[in-house]
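Q: Before anything else, here's the structure in question.
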Amino acid sequence: MTQIKVGVPKESKEHEYRVGLLPIGVEELTRLGHRVFVQRGAGLGSGIADSDYERYGAVLLDDVRELYAVADLIVKVKEPQPKEISLLRSGHLVFGYFHCAANEAMTRGMLESGASAIAYETLQDRAGRLPLLTPMSEVAGRMSIQQGAKYLERPYEGRGVLLGGVPGVEPAHVTVLGGGVVGSNAAKIAAGFGASVAVLDTNLERLRFLDDVMPPNVSTLFSDRHTIREQLTRADLVVGAVLIRGARAPWLVTRGDLCTMKPGAVVVDVAVDQGGCFETTRPTSHADPVYLVDGIVHYAVADIPGADPQTSTRALCSATLPCVLQIAARGLEGAAHDNPALVSAINIHRGKVTHPAVAETFGFEYRQWAA
């Protein structure tokens, strides 16, 4: 078996506390004869001490430049930041979230580096599911209501509405745009708070399923422009939960629509990683998460699950480790041959765009994956 060197850097994106590999991952890789290099402090935000990695065979490195220089496979969480892209070389395999269609500069940097971008968010299994995106979609959907409830409070410029109301006062109305993993988790939590919830989607089969499993305070509606506009007039909180795999999210709410909303209403755009489904969305951070547009509070943090890293890291790494082990054992070509789902995750390879949605977004040449 060929030995591969796996690097786990400390995330450099602002207020990103997750890490790409758990100590069990280090143990499994080293048991199979691979070497694992972890940047010192990489796991601290997720409650993992350096000694936990070292105990299972990881080599700790202080300098991220040394880590990138020695590693063949980089396992991380968020897309490479500019200073990380400068450390990439041809032949590097980078496994993490990329959201290429929402970040042309990063995409061009990856192309110029010659490294391969293997994106968690576009890996699709035979059933059409996105198993490496699902855990973070579950976290983000649940957190969208937690954050929305907070920013509805008056000190944050919100309407001052309690989601569940109280006896004698009606609850808040929550509109969820999209009934997928994010949307269903958002609706579940909002319903648990006692809010009145409407979930909009264009997939009637999905709406029928949600109608069967959701509590009575959740209604399902077919999504079209008229329904969206009507919901905006009623909503205290709107959650954007739209996903088109690998592509930029469509704008479902324009700036002109905001004037129909209640002053102090809150929008939480979980689709911000893919460009956002509100025209007025711009990425924010946990350090400065909200801004006002026409009296509407916008929450558009691009890494929502990063605020709860102890939960998020464990959920993410449980899903990604099998793929890490496959790539380490067989290389990218061999792993993609054995597990065809991996092909859908390869967005960039050897200076070429290998995902059609990314190529279409920026007008780049599309090169079909070939081992």
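The values are calculated or read from the model by the stated rules, or taken from the named source; none is laboratory data. From a predicted model like this one, the values you see are computed outputs, not experimental measurements. Note that each Cβ is placed from the backbone with ideal geometry, even for glycine, and that neighbours are counted across all protein chains shown. These accessible areas exclude ligands, DNA and RNA; they are computed on the full protein's heavy atoms, side chains included. Shrake-Rupley method; radii C 1.70, N 1.55, O 1.52, S 1.80 Å.
Q: Looking only at the range 213-253, filter to residues that are in a loop (DSSP other than H, G, I, E, B) and touching a Phe, Trp or Tyr at 6+ places or on another chain (Cβ under 8 Å); which one of those is most open to solvent (accessible area, probe 1.4 Å)?
A: So the residue we want is Trp251.
Q: Name the one entry in Gly164, Gly183, Gly179 that is closer than 21 Å to Asp257 by Cβ, in contact with a Phe, Trp or Tyr (Cβ under 9 Å, 6 or more places away or on another chain), buried (at least 16 other Cβ atoms within 10 Å of the Cβ) and modelled with pLDDT of 95 or more.
A: Gly179
Q: For Thr311, state whether it is out of contact with any strand residue (DSSP E or B) (no Cβ under 9 Å at 6 or more places or on another chain) and among the hydroxyl-bearing types (Ser, Thr, Tyr).
A: In short, yes.
Q: Something else: Anything in the range 286-334 that is part of a strand (DSSP E or B) and either of a type in the set (A, V, I, L, M) or within 13 Å of Val19 (Cα to Cα) (or both)? List them, or say none.
A: The answer is Val290, Leu292, Val293, Ile296, Val297, Val301.
Q: Still on this structure, please answer the following. Can you name the residue in the range 201-212 that is assigned to a helix (DSSP H, G or I) and not acidic (Asp, Glu) and is also surrounded by the most Cβ atoms within 10 Å (Cβ to Cβ) among such residues?
A: Result: Leu210.
Q: While we're here: Those residues that are open to solvent by less than 30 Å² (accessible area, probe 1.4 Å) and assigned to a strand (DSSP E or B), I need them from the range 188-200; list them, please.
A: Those that are open to solvent by less than 30 Å² (accessible area, probe 1.4 Å) and assigned to a strand (DSSP E or B): Val197, Ala198, Val199, Leu200.
Q: Is at least one residue of the range 27-40 under 24 Å from Thr311 (Cα atoms) and assigned to a loop (DSSP other than H, G, I, E, B)?
A: The answer is yes, given that some residue of the range 27-40 is under 24 Å from Thr311 (Cα atoms) and assigned to a loop (DSSP other than H, G, I, E, B).
Q: Kindly check whether there is at least one residue in the range 80-87 that is out of contact with any strand residue (DSSP E or B) (no Cβ under 8 Å at 6 or more places or on another chain), of a type in the set (A, V, I, L, M) and assigned to a helix (DSSP H, G or I).
A: For the range 80-87, residues out of contact with any strand residue (DSSP E or B) (no Cβ under 8 Å at 6 or more places or on another chain), of a type in the set (A, V, I, L, M) and assigned to a helix (DSSP H, G or I): present.
Q: Can you confirm whether the range 297-308 contains a residue that is open to solvent by 10 Å² or more (accessible area, probe 1.4 Å) and more than 27 Å from Ser144 (Cβ to Cβ)?
A: No, that holds for no residue.
Q: Sticking with this one: Looking for something open to solvent by less than 50 Å² (accessible area, probe 1.4 Å) and in a helix (DSSP H, G or I) - is there at least one such residue anywhere in the range 69-77?
A: yes
Q: Could I ask something else about it? Filter the range 121-140 down to residues that are open to solvent by 20 Å² or more (accessible area, probe 1.4 Å) and among the charged types (D, E, K, R) and give me whichever is modelled with the highest pLDDT.
A: Top of the filtered list is Glu138.
Q: If Ile24 passes every condition in (1) more than 23 Å from Pro82 (Cβ to Cβ); (2) part of a loop (DSSP other than H, G, I, E, B) but one, which one does it miss?
A: (2)
Q: If you check every pair at least six apart or on different chains, which have Cβ atoms under 6 Å apart with a residue in the range 14-35 that is more than 29 Å from Ser285 (Cβ to Cβ) first and a residue that is polar (S, T, N, Q) second?
A: So the pair list comes out as Gly33/Gln3; His34/Gln3.
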